[in-house]
1. Between Q125 and N56, what is the label-point separation in nm under the 7 Å Cα-to-beta-carbon projection?
2. With N denoting the number of residues in the chain, provide Rg(C-alpha) divided by 2.2 N^0.38 Å, to two decimal places.
3. Return the sequence-ordered ³J(HN,Hα) values of the stretch 62-67 in whole Hz as given by the Karplus equation 6.51 cos²θ - 1.76 cosθ + 1.60 applied to θ = phi - 60°, using x for Gly and Pro.
4. Rounding to the nearest 10 and keeping the result within 0 to 90°, find how far the Cα-based axis of helix 132-150 lies from the longest principal axis of the chain.
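Derivation of every value follows stated rules applied to the coordinates shown; laboratory data play no part. Just so you know, these numbers come straight off a predicted model, no measurement behind them. Don't worry about glycine lacking a Cβ; one is built from the backbone with ideal geometry, like all the others, and counts go over all protein chains shown.
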Amino acid sequence: MIYINDHLQDFDLDAALETMPQWRRQITLQYKNDLLRRQSAAAFALLQTALAEQYNITDPIRFITAQHGKPALEGHPDIHFNLSHCLEAAICVVADQPIGVDIEHIRHPSNSMIAYVMTPDEQRQINHADQPDFEFTRIWTRKEAALKHTGDGLQGNFRDILSLPHPPITTRVSPDRRYIYSICTNAKLPTP
């Protein structure tokens, strides 16, 4: 299932902190500004909602470290999840198979960043696109979702990840085109 909160300005951070386990509250409060705290809390709140709705799990949860350092739910090895957030929204995906997600607001990268993180073919795609910022963000989310699927995150082979074998990647754009998200998994997911 896919859960998105793209109304972060209306998100009640104080109420969310009250429902979080202490360990997650501490992580959220370590962020230096309100926006980052709000994004972190919103993503975790989506996970809590997903677990309650899909698996009837309402007790406080704990994360353990799975393969490659990817977070997993303690006591629930059959439930896979991934979280992401950006300036515009927070997202949580939950499935019965490994999954990776990334969400990003549409952004304008520098030429040096494009050269550093994109293959020559991807650079050409971006440079020839009608909306280069949109195309860069679309490719970026696909790369990060693939790496988060394995748990490698940005430590993995970011530049070439899309040329390597991985599960299918679905990319969607928000209705108002403020953000893009991509999900990498073999699981069947409904449209939110």
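1. If labels sit at N56 and Q125, their model points lie 4.3 nm apart.
2. Values: Rg = 16.7 Å, N = 192, 2.2 N^0.38 = 16.2 Å.
Expressed relative to 2.2 N^0.38 Å, the Cα Rg reads 1.03.
3. Once rounded to whole Hz, the list reads 10, 9, 10, 9, 8, 3.
4. 50 degrees
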